[in-house]
Amino acid sequence: MFLTADELSTLTGRRRRKDQLAWLRAHGYKHTVNARGEIIVARGHVEYRLGAGTPPAPEPDFSVFHKTA
């Protein structure tokens with residue numbers, strides 16, 4: 001589901017957390033940091049970005065619920 005610490009290091013080419021975050025931001029990868037300070041990156045997002053995964057599901061169109069009278 002999420003990249004391991006080793007996979008994250010391989011993806012970014014960096015070992016230090018600060019440098020990994022900078023690389024992820026510079027390359028537009030979606031990520032978050034959990035309460036333990038670990039960088040969390042979804043495996044599916046990386047696979048899709050690298051051309052091996054399926055595209056994310058489109059967000060539903062909620063505009064139909066905002067009808068004006």
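Every number in this text was worked out from the coordinates using simple rules, so none of it is lab data. Everything numeric in this text was worked out from a predicted model, so none of it was measured. Methodologically, a virtual Cβ is constructed for each residue, glycine included, from the backbone with ideal geometry; neighbour enumeration extends over all protein chains shown.
Quick rundown of the values:
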{"item": "Rough spin-label spacing in nm, given labels placed 7 Å along Cα→Cβ, for GLU7 and HIS27", "result": "1.4"}
{"item": "Contact order normalised by residue count of the chain, Cα under 8 Å, 6+ apart, percent", "result": "25"}
{"item": "The chain, Cα convex hull volume normalised per residue, Å³", "result": "140"}
{"item": "Residues in segment 5-22 that a label on ILE40 would reach, taking backbone N under 19 Å of a point 7 Å out along Cα→Cβ", "result": "5-9, 17-18, 20-22"}
